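I have placed the structure first, in the form of C-alpha coordinates, so that the comments after it can refer back to it.
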Amino acid sequence: MTLVRFKNQPVDRSFNNLMDNFFTPFASLYRDDVQTSNSKHFVPANVKEVENGYQLELVAPGFAKEDFKIDLNQDILTISAEIKKDAEEKTEKHIRKEYQFHSFRRSFTIDKTIDTDAISALYVNGVLTLNLPKKAEVKPQAKQIDVL
(Lines give C-alpha, C1' and ligand atoms only; values in the text may rest on other atoms or scores of the structure.)
Protein backbone atom coordinates (compact mmCIF):
# COMPACT_ATOMS: atom_id res chain seq x y z
CA MET A 1 0.00 0.00 0.00
CA THR A 2 1.33 3.42 -0.96
CA LEU A 3 0.69 6.42 1.24
CA VAL A 4 -0.07 9.52 -0.82
CA ARG A 5 -0.20 12.95 0.77
CA PHE A 6 -3.17 15.04 -0.34
CA LYS A 7 -3.41 18.80 0.01
CA ASN A 8 -6.88 20.10 0.62
CA GLN A 9 -6.83 23.41 -1.25
CA PRO A 10 -9.48 25.68 -2.79
CA VAL A 11 -10.74 24.85 -6.25
CA ASP A 12 -9.34 27.95 -7.99
CA ARG A 13 -5.72 26.85 -8.27
CA SER A 14 -3.11 27.82 -10.78
CA PHE A 15 -1.24 25.40 -13.00
CA ASN A 16 1.84 25.66 -10.76
CA ASN A 17 -0.14 24.45 -7.75
CA LEU A 18 -1.45 21.51 -9.77
CA MET A 19 2.12 20.59 -10.69
CA ASP A 20 3.15 20.94 -7.03
CA ASN A 21 0.45 18.44 -6.05
CA PHE A 22 1.60 16.06 -8.74
CA PHE A 23 5.23 16.14 -7.50
CA THR A 24 4.43 16.07 -3.77
CA PRO A 25 6.47 12.91 -3.05
CA PHE A 26 9.55 14.73 -4.37
CA ALA A 27 9.22 17.75 -2.09
CA SER A 28 12.96 18.09 -1.65
CA LEU A 29 13.40 18.59 -5.39
CA TYR A 30 10.52 21.01 -5.82
CA ARG A 31 9.52 24.00 -3.75
CA ASP A 32 6.79 22.24 -1.75
CA ASP A 33 8.21 22.16 1.79
CA VAL A 34 11.66 23.53 1.09
CA GLN A 35 12.53 26.84 2.72
CA THR A 36 14.63 28.95 0.42
CA SER A 37 15.38 32.61 0.86
CA ASN A 38 13.97 33.46 -2.56
CA SER A 39 10.54 31.83 -2.33
CA LYS A 40 9.54 31.89 1.35
CA HIS A 41 10.99 35.19 2.56
CA PHE A 42 10.52 37.33 -0.51
CA VAL A 43 8.93 40.74 0.05
CA PRO A 44 7.62 42.34 -3.15
CA ALA A 45 8.59 45.92 -3.93
CA ASN A 46 7.42 48.62 -6.31
CA VAL A 47 9.55 51.58 -7.35
CA LYS A 48 7.88 54.52 -9.04
CA GLU A 49 9.09 57.91 -10.13
CA VAL A 50 7.21 60.86 -8.69
CA GLU A 51 7.56 64.57 -9.39
CA ASN A 52 10.43 65.28 -6.98
CA GLY A 53 12.06 61.84 -6.69
CA TYR A 54 11.16 58.19 -6.30
CA GLN A 55 8.91 56.11 -4.06
CA LEU A 56 9.86 52.62 -2.95
CA GLU A 57 6.96 50.53 -1.62
CA LEU A 58 7.39 47.18 0.12
CA VAL A 59 4.43 44.96 0.99
CA ALA A 60 5.17 43.68 4.50
CA PRO A 61 2.01 42.97 6.51
CA GLY A 62 2.13 41.79 10.11
CA PHE A 63 4.97 44.03 11.28
CA ALA A 64 5.07 46.99 13.63
CA LYS A 65 6.95 50.08 12.51
CA GLU A 66 9.50 49.38 15.26
CA ASP A 67 10.36 46.04 13.60
CA PHE A 68 11.88 47.71 10.53
CA LYS A 69 15.55 48.56 10.25
CA ILE A 70 16.58 50.78 7.34
CA ASP A 71 20.29 51.28 6.72
CA LEU A 72 22.13 53.29 4.10
CA ASN A 73 25.76 52.25 3.63
CA GLN A 74 27.45 54.09 0.79
CA ASP A 75 25.04 53.54 -2.14
CA ILE A 76 23.25 50.46 -0.75
CA LEU A 77 19.86 50.93 0.94
CA THR A 78 19.02 47.87 3.07
CA ILE A 79 15.56 47.30 4.51
CA SER A 80 15.05 44.48 6.98
CA ALA A 81 12.50 43.38 9.54
CA GLU A 82 12.70 40.65 12.12
CA ILE A 83 9.83 38.74 13.68
CA LYS A 84 10.42 37.86 17.29
CA LYS A 85 8.88 34.50 18.17
CA ASP A 86 6.97 34.30 21.44
CA ALA A 87 6.95 31.32 23.77
CA GLU A 88 3.12 31.40 23.67
CA GLU A 89 3.12 30.81 19.93
CA LYS A 90 4.95 27.48 20.29
CA THR A 91 2.40 26.14 22.77
CA GLU A 92 -0.61 27.00 20.62
CA LYS A 93 -2.24 24.16 18.75
CA HIS A 94 -3.31 25.15 15.25
CA ILE A 95 -6.09 23.30 13.48
CA ARG A 96 -5.08 24.91 10.20
CA LYS A 97 -2.18 27.30 9.56
CA GLU A 98 -1.92 28.71 6.05
CA TYR A 99 0.32 31.72 6.57
CA GLN A 100 3.26 32.79 8.66
CA PHE A 101 5.17 36.02 9.06
CA HIS A 102 8.90 35.78 8.33
CA SER A 103 11.85 38.05 8.76
CA PHE A 104 13.23 39.53 5.56
CA ARG A 105 16.04 41.63 4.14
CA ARG A 106 16.08 43.54 0.83
CA SER A 107 18.83 45.75 -0.59
CA PHE A 108 18.63 48.38 -3.30
CA THR A 109 21.32 50.42 -5.02
CA ILE A 110 20.71 54.15 -4.67
CA ASP A 111 21.50 56.48 -7.55
CA LYS A 112 23.83 59.45 -7.07
CA THR A 113 20.93 61.81 -7.84
CA ILE A 114 19.11 60.84 -4.59
CA ASP A 115 19.38 63.18 -1.61
CA THR A 116 20.28 60.59 1.02
CA ASP A 117 19.85 63.05 3.91
CA ALA A 118 16.17 63.58 3.08
CA ILE A 119 15.02 59.95 2.76
CA SER A 120 11.88 59.32 4.81
CA ALA A 121 9.81 56.21 5.57
CA LEU A 122 6.14 55.62 6.41
CA TYR A 123 4.44 52.33 7.33
CA VAL A 124 0.66 52.26 6.81
CA ASN A 125 -1.68 49.27 6.36
CA GLY A 126 1.11 46.74 5.75
CA VAL A 127 2.94 48.82 3.13
CA LEU A 128 6.31 50.42 3.90
CA THR A 129 6.79 53.50 1.71
CA LEU A 130 10.18 55.18 1.39
CA ASN A 131 10.37 58.60 -0.22
CA LEU A 132 13.66 59.08 -2.05
CA PRO A 133 13.86 62.75 -3.10
CA LYS A 134 16.17 63.86 -5.88
CA LYS A 135 18.95 66.31 -5.15
CA ALA A 136 18.22 69.87 -6.15
CA GLU A 137 20.02 70.60 -9.37
CA VAL A 138 22.61 73.29 -8.92
CA LYS A 139 22.64 75.35 -12.06
CA PRO A 140 25.64 77.58 -12.60
CA GLN A 141 24.57 81.17 -12.17
CA ALA A 142 25.05 83.51 -15.07
CA LYS A 143 27.69 86.03 -14.23
CA GLN A 144 27.79 89.53 -15.62
CA ILE A 145 31.29 90.69 -16.47
CA ASP A 146 31.87 94.42 -16.64
CA VAL A 147 34.17 95.79 -19.31
CA LEU A 148 36.81 98.15 -17.84
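The values are calculated or read from the model by the stated rules, or taken from the named source; none is laboratory data. All values reported here derive from a predicted model rather than from experimental measurement. Cβ: placed from backbone, ideal geometry, glycine included. Neighbour counts: every protein chain shown.
Being in contact with an Asp or Glu (Cβ under 7 Å, 6 or more places away or on another chain), surrounded by fewer than 10 Cβ atoms within 10 Å (Cβ to Cβ) and among the polar types (S, T, N, Q) is a property that THR91 lacks.
Between PHE101, PHE108, which is under 19 Å from GLU57 (Cβ atoms), modelled with pLDDT under 90 and surrounded by 11 or more Cβ atoms within 10 Å (Cβ to Cβ)? Can you show your working first?
Values: PHE108 fails: modelled with pLDDT under 90.
Being under 19 Å from GLU57 (Cβ atoms), modelled with pLDDT under 90 and surrounded by 11 or more Cβ atoms within 10 Å (Cβ to Cβ) holds for just one of PHE101, PHE108, which is PHE101.
Residue count for the stretch 116-145, restricted to those that are over 22 Å from the mean Cα position of the chain (by Cα) and surrounded by 10 or more Cβ atoms within 10 Å (Cβ to Cβ): 2.
Only residues that are surrounded by 11 or more Cβ atoms within 10 Å (Cβ to Cβ) and at positive phi were counted in the stretch 57-75, giving 1.
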